[in-house]
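What follows is one structure encoded as structure tokens, with my remarks underneath.
The values are calculated or read from the model by the stated rules, or taken from the named source; none is laboratory data. Predicted, not measured: the structure shown is a model, and the values here were computed from it. With ideal geometry, Cβ positions are generated from the backbone for all residues, glycine too; neighbour counts draw on all protein chains shown.
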Amino acid sequence: MQKQITKLNRLFAEICGWLLIVVMLLLTSDFISRGLSCPIVGVAESAVFAMVAVVFMGLGHCEEQKGHVRVEAVLVRLPAKVRGVFNLFCYLLGCFAIGATLYAVTGNAIEAFLEKEAIAGPTPLLTYPVKFVMVVSLVLYFIQLCLNAYAQARNLTK
């Protein structure tokens, strides 16, 4: 299963890179159009939506690479077995927290879809597409956390 999740994590990370280019182009066009006194409606909001997608889509890949912030100064001073137990506890805590977050975000995304929730403005932008990107990204992150917890538990039993 890890191979398939790795492929999806890499795909999402690749999409993140391309979305950052889109954000840059959107913000640059917004800056230029405002300088010419003819702003383009909805560009800044679209850039914010793209940034939200970038952040969430990168979570699974970052977890797979173990790139999230950790307090290494404390961990390296612990004995290997204690460090392993502590890491497993943190993974399980993360699984619980992300599982709860996933539950809440999924409910919110479904509600946004059913109600056709949009950001108010001259051109209303629907929020549910970004919210469903968040849901899919959190699913990948949750699965990666569970896989890491399983691997950590297996290492402890060796």
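Numbers at a glance
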item: Residues being more than 19 Å from M51 (Cβ to Cβ) and in contact (Cβ under 8 Å) with a residue 40 or more places away in the chain - total across the range 141-158; result: 12
item: Considering residues of the range 100-120 that are in contact with a helix residue (DSSP H, G or I) (Cβ under 7 Å, 6 or more places away or on another chain) and over 27 Å from E64 (Cα atoms) only, the residue modelled with the lowest pLDDT; result: I119
item: Index of the failed condition, L92 passing every other in (1) farther than 30 Å from T127 by Cβ; (2) at pLDDT below 95; result: (2)
item: Cβ-Cβ under 9 Å pairs, at least 6 apart or on other chains, the range 119-140 side within 23 Å of G94 (Cα to Cα), far side polar (S, T, N, Q) and surrounded by 18 or more Cβ atoms within 10 Å (Cβ to Cβ); result: L140/N9
item: Selected residue (only one of F49, F56 is farther than 22 Å from R154 by Cα and under 10 Å from the mean Cα position of the chain (by Cα)); result: F56
item: Within the range 117-131, tally of residues that are surrounded by fewer than 16 Cβ atoms within 10 Å (Cβ to Cβ) and in a helix (DSSP H, G or I); result: 1
item: Condition met for F142 (of a type in the set (F, W, Y), within 18 Å of H68 (Cβ to Cβ) and in a helix (DSSP H, G or I)); result: yes
item: Qualifying residue in the range 146-153 (condition: more than 18 Å from the chain's Cα centre (by Cα), small (G, A, S) and more than 25 Å from A13 (Cα to Cα)); result: yes
item: Restricting the range 145-158 to residues that are over 14 Å from Q2 (Cβ atoms) and not in a loop (DSSP other than H, G, I, E, B), the residue that is modelled with the lowest pLDDT; result: T157
item: Condition broken by K7, with the remaining ones in (1) under 26 Å from T157 (Cα atoms); (2) charged (D, E, K, R); (3) modelled with pLDDT of 90 or more satisfied; result: (1)
item: Helices (runs of 4 or more DSSP H) wholly inside the range 1-116 containing at least 3 residues that are surrounded by 11 or more Cβ atoms within 10 Å (Cβ to Cβ) and without any contact (Cβ under 8 Å) to a residue 12 or more places away in the chain; result: 2-35, 80-115
